[in-house]
Amino acid sequence: MNRFAFVGLGQMGQAMTKNLLEYGNIAKPLVLYNRTKSTAEAHSACLEGSRVAEDIPDAVLSSDIIWLCLQNEQAVEQAFESILTVPIERKLFVNSSTISPEKTDLIARRVLEAGGEFVAMPGIPLHSANTTLKDYMLTRATACLVMGEPTMAVTRSLTCVASGKAESVDRIRPYVQGVVGKTLVDLSGEEPGQAQMLKLMGNYLIMTTMATVAEANTFAEKCGLGTVNMNKLMNAIFPNPPHAIYNRRMLSGEYYSGVPMVEVHKGIELSDHVQEIANACGASVDLYKVARENLKIVQEHEGPGADITGMYGAVRVKSGLSYRNDPQ
């Protein structure tokens with residue numbers, strides 16, 4: 001059995017470590033590390049079969065596979081500076097943090113040069129066509145009651161994208177489908193940065209879908225058709241996620257009253273990466289630019305902790321309506 005360490009215990013990391021222990025055939029204890037040690041200690045107290053590492057080198061030296069899920073690029077860089085101070089031969093590093101493709105490839109090269117292995121494996125919270133709105137609401141309620149983790153990680157429904165050497169991807173494969181995620185998009189043999197690039201494309205799809213639903217509902221209200229009738233059409237054409245989820249959050253007022261799916265400042269930060277890549281390669285992403293503009297309005301109106309589905313409120317404001325709707 002492989003010995004695991006997990007670095008980064010935000011909501012996503014806490015959900016993934018719980019599932020690793022429950023559904024993955026791994027050696028115990030699962031080693032946990034978080035920059036704020038009290039967070040790791042509190043999580044470990046609720047997670048039988050785990051222990052807290054004193055520092056990152058401690059986590060690395062006692063593990064075969066080290067999984068990272070950190071908040072931003074700076075945190076990832078700092079973590080690998082610490083990792084590379086100890087021997088890492090034959091150890092596999094799996095990075096599920098969202099960083100730029102270029103930085104991913106740079107870090108991967110340093111790990112490989114030191115004798116280790118590297119797989120980039122960001123997770124994308126995309127719902128499959130088989131996920132019903134009822135399923136989503138049930139798992140959402142469970143997530144909020146139990147730990148408040150991101151729904152897709154809690155329910156093992158993440159779409160994971162893995163790239164790196166084929167033999168390295170094969171080492172982590174048994175711990176993805178049915179363990180921390182539902183689907184593995186396999187980019188074996190591709191440069192690690194390609195997984196991050198594909199995640200950014202996933203963000204493009206999410207953002208433009210959300211913007212479409214927001215505009216459709218606002219258009220319906222402004223032209224006199226009304227959101228109730230628009231909702232009938234939406235349910236007939238797009239009865240399943242993701243459209244159904246965004247539509248429900250918008251019409252119910254959850255975009256301003258509920259727990260955020262993703263805080264808008266994080267959405268803006270990720271969208272900056274997407275826009276930079278589009279600019280660099282000369283791609284026209286006009287729909288995405290509109291969605292980004294809407295996110296910035298959300299942050300200006302409601303603050304950085306607002307929900308990204310608040311772009312419905314942004315479109316309403318641009319159309320002469322109040323940011324907050326009157327739920328039907």
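The values are calculated or read from the model by the stated rules, or taken from the named source; none is laboratory data. Small disclaimer: the values here were computed from a predicted structure and weren't measured. So basically every Cβ, Gly included, is an ideal-geometry build from the backbone, and we count neighbours across all protein chains shown.
Below is a table of values for the structure above.
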quantity: Residue 223 being exposed (fewer than 14 other Cβ atoms within 10 Å of the Cβ) and under 18 Å from residue 317 (Cβ atoms); calculated: yes
quantity: Members of region 250-265 that are over 17 Å from residue 215 (Cβ atoms), touching a residue at least 24 places away in the same chain (Cβ under 8 Å) and not β-branched (Val, Ile, Thr); calculated: 252, 253, 254, 256, 258, 260, 261, 263, 265
quantity: Any hit, region 168-181, residues being under 18 Å from residue 90 (Cα atoms), out of contact with any His (no Cβ under 8 Å at 6 or more places or on another chain) and of a type in the set (A, V, I, L, M, F, W, C); calculated: yes
quantity: Close pairs (7 angstrom Cβ cut-off, 6 or more residues apart or separate chains): farther than 14 Å from residue 267 by Cα and not assigned by the TED database to the domain that holds residue 269 in region 281-296, of a type in the set (S, T, N, Q) and surrounded by fewer than 20 Cβ atoms within 10 Å (Cβ to Cβ) anywhere; calculated: none
quantity: Condition met for residue 247 (without any contact (Cβ under 8 Å) to a residue 40 or more places away in the chain, part of a helix (DSSP H, G or I), buried (at least 20 other Cβ atoms within 10 Å of the Cβ) and more than 19 Å from the chain's Cα centre (by Cα)); calculated: yes
quantity: Leading residue by the ranking (modelled with the lowest pLDDT) among those in region 2-32 that are part of a helix (DSSP H, G or I) and among the hydrophobic types (A, V, I, L, M, F, W, C); calculated: 12
quantity: Check on residue 35, closer than 18 Å to residue 95 by Cβ and either in contact (Cβ under 8 Å) with a residue 40 or more places away in the chain or assigned to a strand (DSSP E or B) (or both); calculated: yes
quantity: Region 186-209: number of residues that are crowded, with 18+ Cβ neighbours inside 10 Å and under 16 Å from the mean Cα position of the chain (by Cα); calculated: 11
quantity: Single condition residue 275 does not satisfy, out of (1) free of Cβ contacts under 8 Å to residues at least 24 places away in the same chain; (2) assigned to a helix (DSSP H, G or I); (3) of a type in the set (S, T, N, Q); (4) farther than 25 Å from residue 73 by Cα; calculated: (4)
